[in-house]
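Structure record follows, encoded as structure tokens.
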Amino acid sequence: MNWKTFYAMLSRDGHVARRNLVPMLMQNLLQPMLLTFVFGRVLTTSGMMQMSYKNVLLPGIIAISMVLSGIQAVAMPLIAEFQFTREIEDRLLAPMEMHWLAVEKVIAGMIQAIVSGLVVIPAAWLVMGKGLNLSFEHPVEFVVVCLLVSLLSSAGGLTLGCSIGQTQIGLMFSMVVAPMMMFGCAYYPWSALAAFPGLQYAVLINPLVYASEGLRGTLAPQVPHIPTLLIIASLAVIDTVLLVVGLKKFTKKAVS
Amino acid sequence: MGIGIRIEELRKVYDSPPPSAARGGGFSFTPTRSAGPKEKKDKKKKMEVVALNGISLEIQAGEIFGLLGPNGAGKSTTIGILTTRTVPTSGRAFIGEYDVWKQQVNAKLLIGVVPQRPNLDFALTAREILTFHGAYFGQSAKERNRRADELIEKFKLNDRADHMVRGFSGGMMQRLSIARAMMHDPEVLFLDEPSAGLDPQTRLLLWEVIREYNKLGKTIVLTTHYMDEADSLCERLAIIDHGVIIAKGTPQELKASIPGGYLLRLRFDRVNDELLKQLRAISGVTEVRPKEPSSTDVYADRGGTLISGIVNSAQAAGVELRDVSISEPSLENLFLHHTGRSLRD
């Protein structure tokens, strides 16, 4: 393993991310802010939703922005770089085993996912105003869940990025990302689906459910949630599967 | 020190459409069409493209070696296998002492690659492309900045060095690709169709750079379908067609191997046995090859002075001579001799 090469590639991704910092932040912040304002401020202040809904919503918003930004940070460049320009080739020719490049992409994606999650917390707090009651009493669990969620998003981005072509990006957003967000228990706790038993178990295939519920359990434990240990175990399994599948697809795509 | 290359019985069969660089066509930006769900099933069974069919080669340390052949002959696939970008179906390839597919990292440290189509990192500026490339190869900040400055100067990229490469012209991208490949001072430099799409001036600069780099004791492997490039630049050549090597040697040896050397392509109103007999009897003619439907290729040790003999033969055979074209000994003729078709067909 050639750490110098690995580090150089990480700094390349960091350099590119810094160059696009403002558009990237706007992209990562705008949607969560709009959601927070409409659901967390307008609906609650007008009395259509209870004030305590804010505590349900915020962890979900963080989960969405982490998962989306991780997927985007890894999948989009991969899709572009594997297209006919084959931009990725200069890194595939660098003196390092090929799969480490995929690992590097995943780590860069994790960093971006964590940054977007961390940026959303204070911003959403400000937008939501009074009535938010977050707990930071489980710091270790919070950190573990955050790391697993960021890995989930970037390993998912790796798998998606190596599975689809440029022409299918629009399709991916409407067919994969949109249902994932709606049925990801981001806007409601998983227990709220109890009235729809079939759906309640069907949504468990959606990785975003574990992200939302995991962050809810660590940030707003007063809201009903799936037990955090169970979430951590499930996330660990999903992460491993996505990472293994993603690495396989990557190495297959990297050589002809 | 100098690093040689050895290829043993290399075979490559693609079971999906070959990558576009290997599919030939120079700068043809043909996107890989993904098959519909229906045709995918039956296509999977049928799709089998033999790109290389048992190629063995030895390239000496410090030589300029050329792979010559038409589009789709297997040149890019050969380069792909030697540069860890294409997995061989069978056979082995060595860069120096390293088996390319078993000791990839060691092999990658020794090689620099200029691809057929520029694959520059569009998220970076020209200078950054060079410095990050240096960083991937473990160069210190000082070293990579110095080297980048040198190469930017050498390839005349000064005024655009700090621009994003997205807006660069084809020639500039190609120059930058070559600069990038030289950034880590590789022992072996691979250039896949380096002068495709270059203007004549840039082409001369490129040849100059290649010769200069070779003088430092570096091994150069290039593919081309330009005869003049192969002829003037390469010390040794292998001519590839349909995935097999049909001839190899120095350009002089190869040209000398064509019977006669001169090629006269003749066209008559019709060709009969009497005519062929007459033509074979002309002194200086080494080989006569009738072609469909009314042409004949004559290989001979001289050119224009044979015309009167040919006219006489035609008259004696009762046929009319319609067209004559004479070409001097060249690799083009060699290719034609071995494959029966022109390089550009």
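Some points to look at:
- Tilt relative to chain A, helix A:207-219 - C-alpha long axis, 0 to 90 degrees, to 10: 50
- Cα-projected label distance for B:Ser257 with B:Thr305, points at 7 Å along beta-carbon direction, nm: 2.8
- With neighbours defined as other Cβ atoms within 10 Å of a residue's Cβ, the residues B:Ser76, A:Ser212 order from fewest to most as B:Ser76, A:Ser212.
- In range of the label at A:Gln50: residues from the stretch A:211-232 whose backbone nitrogen is under 14 Å from the point 7 Å along Cα→Cβ: A:222-225
- Pairwise centroid distance, computed over Cα atoms, of the stretch A:114-163 with the stretch A:36-100, Å: 10
- Among B:Ile210, B:Ile240, B:Ile307, residue whose mean-square fluctuation peaks in a GNM of chain B (springs only between Cα atoms under 10 Å): B:Ile307
- The stretch between A:His15 and A:Leu43 holds 6.1 nm of extra length on full extension. This uses 0.36 nm per residue minus the Cα-Cα distance.
- Across the stretch B:248-256, computed HN-Hα scalar couplings (Karplus, 6.51 cos²θ - 1.76 cosθ + 1.60, θ = phi - 60°) run 8, x, 6, x, 5, 4, 5, 5, 5 Hz from first to last residue, x flagging Gly and Pro.
- For the pair A:Ala80 and A:Met26, the difference between a 0.36 nm per residue extended length and the Cα-Cα distance amounts to 17.3 nm.
- Close amide-amide hydrogen proximity is noted between B:Glu287 and B:Tyr299, each under 5 Å apart and 5 or more residues distant or on a separate chain (H modeled in the peptide plane; Pro and chain starts excluded).
- Restricting the stretch B:239-345 to GluC sites (Glu not before Pro) in coil, as DSSP defines it, with at most 15 other Cβ within 10 Å: B:Glu320
- Within a Gaussian network of chain A (alpha carbon springs, distance under 10 Å), most fluctuating of A:Ser150, A:Ser69, A:Ser135: A:Ser135
- Rounded to the nearest 20, the Cβ-based charge dipole of the protein assembly as shown about its Cα centre (Lys and Arg +1, Asp and Glu -1) stands at 1260 debye.
- Pairs of lysines in chain A whose Cα atoms sit within less than 21 Å of one another amount to 6, provided the residues are eight or more positions apart or on different chains.
- Counting only alpha carbon atoms, the long axis of helix A:3-19 and the longest principal axis of chain A meet at about 60°.
- Here the Karplus relation 6.51 cos²θ - 1.76 cosθ + 1.60, evaluated at θ = phi - 60°, turns the backbone of the stretch A:243-254 into coupling constants of 5, 5, 4, x, 5, 4, 5, 4, 5, 5, 6, 6 Hz, with x for every Gly and Pro.
- Comparing B:Gln278, B:Gln201, B:Gln116 in a Gaussian network model of chain B, where Cα atoms under 10 Å apart are tied by springs, the biggest mean-square fluctuation is seen for B:Gln201.
- Helix-only [θ]222 nm of chain B, DSSP H runs n ≥ 4, -39500 (n - 2.57) each, per residue, nearest 500: -10500 deg cm²/dmol
- Put the Cα centre of the stretch B:150-173 next to the Cα centre of the stretch A:1-34 and the gap is 25 Å.
- Going by neighbour counts of Cβ atoms within 10 Å, the residues A:Met9, A:Met33 line up, fewest first, as A:Met33, A:Met9.
- Filtered GluC sites (Glu not before Pro), the stretch B:52-147: DSSP coil and at most 16 other beta carbons within 10 Å: B:Glu97
- Put a dot 7 Å past the Cα of A:Ala194, heading toward its Cβ, do the same for A:Leu230, and the two dots end up 1.3 nm apart.
- Alpha carbon centroid spacing (whole Å) that separates the stretch B:100-129 from the stretch A:164-195: 38
- The modelled label-to-label distance for the pair B:Ser327/A:Ala202, using points 7 Å beyond Cα in the direction of Cβ, is 6.8 nm.
- Burial ordering of A:Lys54, A:Lys4, fewest other beta-carbon atoms within 10 Å first: A:Lys4, A:Lys54
- Averaged over peptide A:89-102, the number of partner chain Cβ atoms lying within 10 Å of each residue's Cβ comes to 6.
- Size of electric dipole in the stretch A:3-254: Cβ of Lys, Arg +1 and of Asp, Glu -1, about Cα centre, debye, nearest 20: 280
- Value of [θ]222 nm, deg cm²/dmol, for chain A, DSSP H segments ≥ 4, -39500 (n - 2.57) each, nearest 500: -23000 deg cm²/dmol
We did not get these values from a lab; they are worked out from the coordinates using the rules stated. What you see is a predicted model, and the numbers here were worked out from it, not measured in a lab. No Cβ is skipped: glycine too gets one built from the backbone with ideal geometry, and neighbour counts run over all protein chains shown.
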